[in-house]
Amino acid sequence: MTASMQALRERAEAFGQEHVFRFWAELDEAGKTQLAADLAQVDFPLMKRLADSWIHDEPPAETFDQIVPVPVIDKVDPERPDAVEAFAAGEDALRAGRVGLFLVAGGQGTRLGFDGPKGAYPIGPITGKTLFAYHAEKIRNLQRRYGCTLPWYIMVSHANGTATEAFFREQAFFGLDENNVKFITQRMVPCMDEQGRFMLESPGHLAMNPNGHGGCIPAMVENGVIADAESRGIDLLCYFQVDNWAVKVADPYFIGYHVRANAGMSSKNHRKNAPREAVGVHCLCDGQYRVIEYSELDIYPQLLETDATGKVIYYAGNPAIHILSTSFVSEVFNRFDDFPWHRAHKKVPYIDEAGHPVKPETPNAYKFETFVFDALRFIEHPPVALEIGRAGEYTPIKTFSGDNSVEAARAAMGDYWGAWFEAMGIEIPRDTEGHVAVPIEISPEFALTQEEFLEKAAGLAVSPGKGIAITADGTIIQP
Ligand code: UTP
């Protein structure tokens, strides 16, 4: 054993994790190197702190004297003077090349259970177009419209990085310039069993998980995103999640409000449908900007209150769409050690004492993650919170069916784009609940907005048949 491996072993022993070496004698060189590499990235004191406070004990809930709904800018009405000004400021920032895109795609996508990076999921109901392709087509449209380059920074993790990069290569970067698509890898943390012990996924590999989307803050600084962005004259990063097919990746209104407020971090918010909807809520807690997770609603029961008309008072749901100024990321990076960690009880495959693989049927382990919205608490200058509707903005995919699912996203595509065809005078079948009853897809590269669609598709002769897809070059595909 080399001196550095011996040092790692002693460190693991000092923190009661020496059992991860139990197959050491049987490992070949590659296995030993892998296990050493896994252990070298472990922050042992941090993991001990997390086990002590979250596994051996339960941390006390935070208490606040006052929780109030966060002040939200009303949904954009293009006629409203503030919206007109925001739009102009956002378009100026785009044309001036001040905007970059930051996609978080490092998650494990366990609920969807798709065999591959989540962004490679073929969400298009007719074309089978992937989530990544949808995002890329939006970028191509915006670059054309504003005559700018939108560098695309994509956070991946050791769980999916190689497969994600290979997918982009296979797809020829979706027609984007490869030099403007940059992958960065977030850090991993060990999963822990119900006794706070690290677990082995294989004899030479710890069971680990990516450190949460909050891990983008150190990843942006440590992997040179901030330096690269600033060298290109970019000071605004539009943050979005891979599984939200509908996201407006660089929304001029949102950018404009952010710029005009000189904010460090801004968020979009959608109205919660019901008090217990599974979404975090933006609030001001003793004057600090926070997102309270839905799993904590019972700790702060006022968040469940409704008004006389039945509307949720703390309504500002968090769709995880933000803008981060590069200067804010650099500042908050220095506070990353103060970010709280969040615990999730999950099913984590492992090998048992005898080295046999076990696929648990019920949660058996804890994963610890940081969340990007916890950066809000370090904000001194008021952030922007902008209300959005969900259609054409927020349709995340977590599972195959039910709420926030593939099926729901495809239905939302039909409703959203079906209305564009109807605006052209084409009759689209709807079901008894008023939802569009055939699959519809419009390439975001062809048209990003209804206005653009009506302009480009004028005179298009098409009947809905069993569904309609319009490709980037305007070709019609019908199943
Ligand atoms: P989710 O929390 O929904 O996780 O991530 P997930 O990995 O997609 O799915 P589950 O929970 O395993 O089923 C929301 C977004 O944050 C990214 C995901 O890739 C997704 O875009 N994310 C999550 C990261 O980039 N890194 C992480 O460590 C966690």
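Some observations on this one:
- Selection status of Ser327, open to solvent by 40 Å² or more (accessible area, probe 1.4 Å) and not in a loop (DSSP other than H, G, I, E, B): yes
- Taken together, the criteria exclude Glu445 from residues that are within 28 Å of the chain's Cα centre (by Cα), at pLDDT 95 or above, crowded, with 18+ Cβ neighbours inside 10 Å and outside any loop (DSSP other than H, G, I, E, B).
- Restricting the range 359-379 to residues that are basic (Lys, Arg) and within 16 Å of the ligand (Cβ to nearest atom), the residue that is least open to solvent (accessible area, probe 1.4 Å): Lys367
- Taken over the range 380-412, the criterion of being under 13 Å from Val247 (Cβ atoms) and either open to solvent by 50 Å² or more (accessible area, probe 1.4 Å) or not small (Gly, Ala, Ser) (or both) is satisfied by Ile388, Arg390, Ala391, Glu393, Tyr394, Thr395, Pro396, Ile397.
- The set of residues from the range 243-278 being surrounded by 22 or more Cβ atoms within 10 Å (Cβ to Cβ) and touching a Lys or Arg at 6+ places or on another chain (Cβ under 6 Å) comprises Asp243, Val249.
- Single residue of the range 450-466 satisfying the filter (open to solvent by less than 50 Å² (accessible area, probe 1.4 Å) and within 30 Å of the chain's Cα centre (by Cα)) that is nearest to Gly414 (Cα to Cα): Phe453
- Residue within the range 415-424 that is surrounded by fewer than 21 Cβ atoms within 10 Å (Cβ to Cβ) and either hydroxyl-bearing (Ser, Thr, Tyr) or part of a loop (DSSP other than H, G, I, E, B) (or both) present: yes
- Being out of contact with any helix residue (DSSP H, G or I) (no Cβ under 6 Å at 6 or more places or on another chain) and part of a strand (DSSP E or B) is a description that applies to His345.
- Of the residues screened, Val312 is one that is over 23 Å from the mean Cα position of the chain (by Cα) and buried (at least 18 other Cβ atoms within 10 Å of the Cβ).
- Residue within the range 171-183 that is surrounded by fewer than 17 Cβ atoms within 10 Å (Cβ to Cβ), assigned to a loop (DSSP other than H, G, I, E, B) and either within 13 Å of the ligand (Cβ to nearest atom) or at pLDDT 95 or above (or both) present: yes
- Conditions (1) more than 20 Å from Tyr153 (Cα to Cα); (2) out of contact with any Gly (no Cβ under 7 Å at 6 or more places or on another chain); (3) surrounded by 24 or more Cβ atoms within 10 Å (Cβ to Cβ); number of the one not met by Leu284: (3)
- Only one entry in Ser267, Ser295 is of a type in the set (Ser, Thr, Tyr) and either under 16 Å from the mean Cα position of the chain (by Cα) or not in a helix (DSSP H, G or I) (or both), namely Ser267.
- Within the range 142-162, if we keep just the residues that are within 15 Å of the ligand (Cβ to nearest atom) and part of a loop (DSSP other than H, G, I, E, B), the residue that is most open to solvent (accessible area, probe 1.4 Å) turns out to be His158.
- Among the residues of the range 222-242, just one is assigned to a helix (DSSP H, G or I), open to solvent by 30 Å² or more (accessible area, probe 1.4 Å) and within 16 Å of the ligand (Cβ to nearest atom), namely Glu222.
- Looking only at the range 198-218, residues that are of a type in the set (Ser, Thr, Tyr) and open to solvent by less than 10 Å² (accessible area, probe 1.4 Å) come to 0 in all.
- Glu222, sole failed condition from (1) touching a residue at least 24 places away in the same chain (Cβ under 8 Å); (2) over 25 Å from Pro122 (Cβ atoms): (1)
- Qualifying residue in the range 67-85 (condition: within 21 Å of the chain's Cα centre (by Cα), more than 14 Å from the ligand (Cβ to nearest atom) and either buried (at least 16 other Cβ atoms within 10 Å of the Cβ) or assigned to a loop (DSSP other than H, G, I, E, B) (or both)): no
- Looking across the range 98-141 at every residue that is away from the ligand (no atom under 16 Å from the Cβ), touching a residue at least 60 places away in the same chain (Cβ under 8 Å) and open to solvent by 10 Å² or more (accessible area, probe 1.4 Å), the one that is nearest to Ala88 (Cα to Cα) is identified as Arg98.
- Residues of the range 28-54 satisfying the condition of being part of a loop (DSSP other than H, G, I, E, B) and surrounded by fewer than 18 Cβ atoms within 10 Å (Cβ to Cβ): Asp28, Gln41, Asp43
- Residue list for the range 367-394, filter: in contact with a Cys (Cβ under 7 Å, 6 or more places away or on another chain) and basic (Lys, Arg): Lys367
The values are calculated or read from the model by the stated rules, or taken from the named source; none is laboratory data. The structure displayed is predicted, hence computed values, not measured ones. Reconstructed Cβ throughout: ideal geometry from the backbone, glycine too, with neighbour counts over all protein chains shown. Each accessible area value is taken on the protein alone, full model and side chains, heavy atoms only, with ligands, DNA and RNA left out. Shrake-Rupley method; radii C 1.70, N 1.55, O 1.52, S 1.80 Å.
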